[in-house]
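Shown next, in structure tokens, is the structure this report addresses.
The values are calculated or read from the model by the stated rules, or taken from the named source; none is laboratory data. Keep in mind that what you see is a predicted model, and the values were worked out from it rather than measured. Positions of Cβ are backbone-derived with ideal geometry, glycine not excepted, and every protein chain shown enters the neighbour counts. Note: areas computed on protein heavy atoms with side chains; ligands, DNA, RNA excluded. Shrake-Rupley method; radii C 1.70, N 1.55, O 1.52, S 1.80 Å.
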Amino acid sequence: MAIITRLAVFLSCIMLLAAPVMARGLQCVPYARDASGIAIRGNAYTWWDQAAGRYARGQAPRVGAVLAFSSVAGMRNGHVAMVSAVISDREVLLDHANWSRRGGIERGVRAVDVSEAGDWSRVRVWFGPVGGLGRTVYPTKGFIYRDASEAAPAGPTDIARAATGPSDPRGISTLVAIDL
């Protein structure tokens, strides 16, 4: 019995040491940093200010850019998510972690700009438990770009447009790049 108790204590210690390592990749900040190559650390709500002078920032979505969410009551540390596709000037697909499910990673989830000015200052994001866009509107600061050249306005050839076809439960349609 003493051997089993010692083994249980030993395994518990290993799990306590391994938990932070396993959780690291499942939080939004390390996931966005690794996925985007934008080397910012700290809580998500600090990314926008930290990016000033280091990375270009703007209000236009670009593939590879990080959308920085503001801190709000239900999300006090803010949130960051990488843009994986631009559907239109008001709709993108995001790759992010720790959104629909604690510690979970989601790829290609729909986010829609619902701001009156069309400046991505307010968004709705696909939420797994409801199987669609959540009703909550989240304030955002804007996009952080890897390179200064990415801040230029999008031309028609830069936008991936949704093809008319079946979409999956996340609202993702087959994407087709259109060169106008």
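The table below gives the values:
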quantity	calculated
Whole-Å distance, taken between Cα centres, linking the range 27-76 and the range 97-133	15
Over the range 92-150, equivalent-ellipsoid semi-axes from the Cα gyration tensor in Å	21, 16, 9
Charge tally in the Cβ shell below 11 Å around Asp49, where Lys, Arg are +1 and Asp, Glu are -1, Asp49 excluded	+3
Protein accessible area in the range 26-111, 1.4 Å probe - carbon and sulfur %	46
Principal semi-axes in Å for the range 49-127 [√(5λ), Cα gyration tensor, largest first]	18, 16, 14
Net +/- balance of residues flanking Ile40 in space, Cβ distance below 14 Å, scoring K and R +1, D and E -1	+4
Sites matching GluC sites (Glu not before Pro) across the range 91-132 that sit in DSSP coil, with at most 15 neighbouring C-beta atoms within 10 Å	Glu116
With DNA, RNA and ligands ignored, accessible area of Tyr45 (1.4 Å probe; Å², nearest 10)	100
